[in-house]
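Just below is one structure, and these are the notes that go with it.
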Amino acid sequence: MALTLEQVRHVATLARLALTPEEEQRFSTQLSAVLDAVAQLQSLDVEAVEPTSHATLAESLLREDVTRPSLPPEKSLANAPAKSGTSFAVPKIIE
Amino acid sequence: MQLTDLTMLELAAKLAAGAVSSEEATRACLERIRQVDPKVRAFLRVDEEGALVAARASDARRKAGNPASPLDGVPVGLKDIFLTEGVETTAGSRILEGFVPPYDATVVRLLKEAGLPLVGKLNMDEFAMGSSNESSAYSLTHNPWDLTRTPGGSSGGSSAAVAAREVFGALGTDTGGSIRQPAALTNTVGLKPTYGRVSRFGIIAFASSLDQPGPMTRTVGDTAALLQLIARHDPQDATSAAVETPDYSADLEGGVRGLRLGVPREYFIEGMDPEVEASVREALREYERLGATLVDVSLPHTKYALATYYLIAPAEASSNLARYDGIRYGQRAKDARGLKELYAQTRERGFGPEVKRRIMLGTYALSAGYYDAYYLRAQKVRTLIREDFTKVFKDVDAVLSPTSPVPAFKLGEKVDDPLSMYLMDVFTLPCNLAGLPGLSVPCGFTKAGLPVGLQVLGRPFDEARLLRIARAYEREHDFFLRPAPLRG
């Protein structure tokens, strides 16, 4: 299945990637090849099969809902590219 | 014989006897890294000071007769995917350049509590996406058995460092074969535990329903000892299994007499390297001689595993990697105008080509109109793949196969052909889809001297039996004694 340049641009927008024109071209070719390869799954009859979303093989456990210490603000902010007081700083969102 | 030639258990015995100190062992690793890592390039960063502080603390405990664990004082390395408090962690990506984690991953904490000096962070494919280590944004790691070839991936820094005897052992992670394939390509042992056996808390996520950390060492006994320290329930990982941890070393020498070992016909395919096939077939005959019964079995949906994996893993990755947006940590594009452009520019500059390719593929597979045809269908086929194993494990105790269809390939050989690179995982990824434990144990060399790995797959939480099966073979050969030549 061929992925058109237009589809590549749409997916890149969804994925928040500012691709270059060269990348758009390359991904269109490469992703089309991968989609061709995975198309073999279409030949299986899976109508009555339940999906597996997780390979958890043991019983899942719920833990007590109790408060625990969390990271202090200075540690949480230590890696921030930009900060303001005890907040992460971002560009202005509303003009 | 150098100190770094010892196995973890041999070093532990010397530490216990007071014949050598952890500081000496750690300094021996640091010296070995200075000597050989300029050629191998396994390390992204070495934490000399942290390792020596831990080593001296270990020596004090040993002196007081109070070791924290049987491996107290044995220096190991970590794939750069494990968060280490105060030590930069990048997952091989530019987008995390300079990121210094504010806390330790659970497995890192467990190793520290057990007294193991952590020597440094090991190279990897960017966000663990790759089978050759070539997608790392930082450096190219070379296979100690032939420096012109890949050490495998994505835990290729870990496999190379262990094979070059720069550390006594390491931790890697395995999403589709990223512990077992590099182990196979470097004459080392690698174990991917059952999904949920080892905590994922504090490990940079690739595909959350498939990721699992595990040991990479030179011997089966070392893998058992290292697994012992990290296999436990963790309340901070909701998928961590509350299953009791057995003594993985207790039955290690139990042999294979009377065991039924399945040989899946779908794992011996056209196109695999004839020398790899010959080595593995010879290992199978060896198991018969050792008293096991070989059983021809079928896992009929194996041929769909690659396609299933390359929809599910990228879909999960595209969602997991949404967090890298330049706001809370990592790199941020400086000249972007507005929030949307900041996101898109940060990600465009921060991610390498393989990561972008998988984000694109995953985003597409999850997008409106395609979800049912791709992602949901892949999840259904995943069920069929799991059921294949469930049926086979009613009849056999474990399944044997090659780990990788080919020995270590040349660096650069497959970089521009993603599909041929994805084929490197064809024998390892069904195990992740099914959540099962799997290990790779050395099973000889090609004529050119390249290592070959034998894969052992087992029932959920049956790691002890896998180790015993691998040990029965290892004991007959001792391939681990052979040093890597470190030549190109």
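Taking a temperature of 10 °C and a viscosity of 1.306 mPa s, what whole-number D in µm²/s does Stokes-Einstein yield for the protein assembly as shown with Rh from Kirkwood over alpha carbon pairs? Please report the intermediate quantities before stating the final value.
Working: Rh = 24.0 Å.
Taking Rh from Cα pairs, D becomes 66 µm²/s.
Ratio of chain A's C-alpha Rg to 2.2 N^0.38 Å, to two decimals?
Details: Rg = 22.6 Å, N = 95, 2.2 N^0.38 = 12.4 Å.
Here the answer is 1.82, to two decimals.
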Practice problem: Output the direction-averaged projected area (hull surface divided by four) of the convex hull of the alpha-carbon atoms of the range B:102-212, in nm². | Solution: 6.8
Exercise. Using only the Cα atoms of the range B:405-488, build the gyration tensor, take square roots of its eigenvalues as a ≥ b ≥ c, and label the shape rounded, prolate or oblate: rounded if a/c is under 1.5, else prolate if a/b is larger than b/c, else oblate.
Key: oblate
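Over all residues in B:354-360, what is the mean tally of Cβ atoms on other chains that come within 10 Å of each residue's Cβ?
Taking the mean over all residues of the peptide, I get 5.
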Quiz prompt | Nearest 10 degrees, 0 to 90: helix A:5-14 Cα axis against chain A principal axis | solution = 20
Quiz item: How big is the range B:191-258 by the Kirkwood estimate over distinct Cα pairs, in Å?
Solution: 13.1
Quiz item: Heavy-atom accessible area per residue, the protein assembly as shown, 1.4 Å probe: how many Å²?
Solution: 38
Quiz item: What does the charge count near B:PRO274 come to, summing +1 for each Lys or Arg and -1 for each Asp or Glu among other residues with Cβ under 15 Å from its Cβ?
Solution: -3
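Sum up the charges of everything whose Cβ sits under 13 Å from the Cβ of B:THR186, counting Lys and Arg as +1 and Asp and Glu as -1, but leave B:THR186 out. List each step's numbers first, then the result.
Details: positive: B:ARG149, B:ARG165, B:ARG180, B:ARG218, B:ARG482; negative: B:ASP146, B:GLU166.
Result for the neighbourhood of B:THR186: +3.
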Self-check item: Percent accessible area from carbon and sulfur atoms, the protein assembly as shown, protein chains only, probe 1.4 Å
Solution: 52
Quiz item: So what's the angle, to the nearest 10 degrees on a 0 to 90 scale, between helix A:21-38 and the longest Cα principal axis of chain A?
Solution: 60
Quiz item: In whole Hz, what ³J(HN,Hα) sequence does the range B:344-350 give by Karplus (6.51, -1.76, 1.60; θ = phi - 60°), x for Gly and Pro?
Solution: 5, 6, 4, 6, 4, 7, x
Quiz item: Going by the alpha-carbon gyration tensor, a ≥ b ≥ c the square roots of its eigenvalues, is the range B:1-122 rounded (a/c under 1.5) or, if a/c is not under 1.5, prolate (a/b greater than b/c) versus oblate?
Solution: oblate
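Give, as a single signed number, the net charge of other residues whose beta carbon lies under 10 Å from the beta carbon of B:ALA484, with Lys and Arg counted +1 and Asp and Glu -1.
On the way: positive: B:ARG165, B:ARG482, B:ARG487; negative: B:ASP146.
Net charge around B:ALA484: +2.
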Quiz item: Given the range B:46-105 reduced to its alpha-carbon atoms as identical point scatterers, what log10 I(q)/I(0) does the Debye formula return at q = 0.29 Å⁻¹?
Solution: -1.17
Practice problem: Indicate the gyration tensor shape class of the range B:350-406 (rounded, prolate or oblate), computed on the Cα atoms with a ≥ b ≥ c the square roots of the eigenvalues: a/c under 1.5 is rounded; otherwise a/b larger than b/c is prolate and the rest oblate. | Solution: oblate
Quiz prompt | Approximate shape of chain B as ellipsoid semi-axes (Cα gyration tensor, √5λ), whole Å, largest first | solution = 31, 29, 21
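The values are calculated or read from the model by the stated rules, or taken from the named source; none is laboratory data. Remember, predicted model here, so these are calculated numbers, not experimental data. Quick reminder, even Gly has a Cβ in these numbers, built from the backbone with ideal geometry, and neighbours come from all protein chains shown. The protein model used for the area step is the full one, side chains on, heavy atoms only, and it has no ligands, DNA or RNA in it. Shrake-Rupley method; radii C 1.70, N 1.55, O 1.52, S 1.80 Å.
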